[in-house]
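Below: the structure, in structure tokens.
Computed from the coordinates by the stated procedures, all read-outs in this text should not be read as laboratory data. In this text the structure is predicted, and so the values were computed from the model without any measurement. Neighbour counts are summed over all protein chains in view; Cβ atoms, including those assigned to glycine, are modelled from backbone coordinates with ideal geometry.
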Amino acid sequence: MSHRNKKRASKSGHSRSNSTEAPVLTGPKMDSLGFQAMESNVPGLSQVILQKLNMKSYDEYRSALEGKTPCTDFGIRSYFEMFQKMEDTFKFCVECKKLPDSLPDPKSLRRCKRCQNIYYCGPDCQRLNWPIHKKFCKKLKLAALDRLIEWLVFTGDIPFLTRPWTKNIQDLQGWEDWFLMQENLDEKLNVIKTGHYMSILWANVGKPKPNEEELTESIKRVTTDFVSRPATIGFGLSMFHLDPYAKPLTVHVVGASHVETLNARVTDYDELSRMFPKHQGMEVVMVGVDVVDGPIMRPPLVAFGPRERVYLSSYKDLYHNFWESQVENQQAARPDIVVGFHAGFHACPDLMVSWLPTLLLLRDYKIPSLFTMYSEQELKQSLRILMELEMQITGCGANPFTSLKPEQAHSNPNKPPVYSNSHYLMFHGLAGPPEEHDIGELDGEEEERS
């Protein structure tokens, strides 16, 4: 790594952020942004969520999620109460935005019978809102079902045990091909549908149980939501021509949130081992201000373990700080690829300031990088930022391994649902001069000159 590159990254970072009096050391937490969005659209909604969890503040909520304080004081005494508290956080009129406590009769809220997802305080609000809601009702029905089925992730029923890939990742068109590789798929899905926790779910949730086909499709969508992350990493390895059979590989996941870290602990990213059977070993390091605090699992990261294993660890800090303290001091291996799941650096100025040193570092050290987005609009906004930073964009588009589970906006559900990792962009180093086409070789050129 040349001294010139390090100096250029430092100077560029300074010149782009000189409008602030002091550098931003910690980026906004994605959860915090979500809570703020709920407050701006439905005042008091975030407080409803905290009350249902028997918590007094957002900091207490964060502390529980990160494992710093025990989660035993949620006050949930039964499965029915647990599901009721979850549903209560969706109870507000989507038309007038009133919460139950703001109504003369808090029980007057009624749920849409079609989607079983959104609420109205009365027929008038329902009639006013229907022209908008009818566009999203079917999708919101899927989102409501998947939100319940996702509970089976925490019981261990999902994801089901998958088998080693029988095709190379570049030969798969998407999830349909992936499911075709799974032996005895119907049997595995039936075990989940007839399982103990599935029975508990529909005995306590207070909603009608869907038919078999709807349950099957929901389980499959939730499964893709978990496999999407490691599959996207494998997709990135393939697109950058990184061979896990030739040498051990290091993958850094930047901007990782506590949700991704907890989900990764469930799946343990073993899908990468099934994707590349008999690989030389992989180290996946999650780095971000929102990851669960704790030491790196297996320091120093430069010492690889046995072949055919994927090691997962985390580091709580901004990525450029991790680079300076760990990579530069040879306590961590330089990454073969950096992946950012929903980095969201386009979202707000503060987030962009905290991301800028990391983006410049990735550019100037020519680290192969792949970032994912929730939508095509977010992709276009992110591309615009990276082009301003003179990144060499090597690819972008729809991700063949996007999650199929629709995600609704909690505070304003009547919007098109988004999907995790639906789009991607790849960049590698500094962009060169624009290509100049040799127009002398165009058809008809010689005739025009004569």
(request) Give a residue-ordered list of calculated ³J(HN,Hα) values for region 187-193 (Karplus: 6.51 cos²θ - 1.76 cosθ + 1.60, θ = phi - 60°; whole Hz; x for Gly, Pro). (result) 5, 5, 5, 5, 4, 5, 5
(request) For region 361-404, state which GluC sites (Glu not before Pro) are in a DSSP loop and have at most 14 other beta carbons lying within 10 Å of their beta carbon. (result) 390
(message) Under the rule of at least 5 residues apart or a separate chain, name every residue whose amide H is placed under 5 Å from the amide H of residue 279.
(response) 308
(message) How would 219, 367 line up from fewest to most surrounding beta-carbon atoms within 10 angstrom?
(response) 367, 219
(request) Name the long-range amide H neighbours of residue 92: under 5 Å, sequence gap of 5 or more, or other chain; modelled H, no Pro or chain starts. (result) 119
(message) Longer than 32 Å from Cα to Cα, which of 138/278; 56/380; 52/138; 188/415 are they? Say none if no pair is.
(response) 138/278; 56/380; 188/415
(request) Would you please give the residues with an amide H less than 5 Å from that of residue 431, counting only those at least 5 places away or on a separate chain, with H modeled from the backbone geometry? (result) 391, 392
(request) May I ask you to sort 111, 127 by Cβ crowding, counting other Cβ atoms within 10 Å and putting the fewest first? (result) 127, 111
(message) Cut-off is 10 Å between beta-carbons; in what order do 216, 223, 155 appear when sorted fewest neighbours first?
(response) 155, 216, 223
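For the ranges 158-169, 413-424, 332-343, what's the packing order if you count other beta-carbon atoms within 10 Å of each residue, average per peptide, and put the highest first?
Working: 158-169: 15.0, 413-424: 19.5, 332-343: 22.8.
With the highest mean Cβ count within 10 Å placed first, the list reads 332-343, 413-424, 158-169.
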(message) Can you compute 3J(HN,Hα) from phi for each residue in region 411-417, using the Karplus curve 6.51 cos²θ - 1.76 cosθ + 1.60 with θ = phi - 60°, rounded to whole Hz and x for Gly and Pro?
(response) 7, 8, x, 7, 9, x, x
(request) Enumerate the calculated ³J(HN,Hα) couplings along region 115-125 in order (Karplus 6.51 cos²θ - 1.76 cosθ + 1.60, θ = phi - 60°), each rounded to whole Hz, writing x wherever the residue is Gly or Pro. (result) 9, 6, 10, 10, 10, 10, 7, x, x, 4, 5
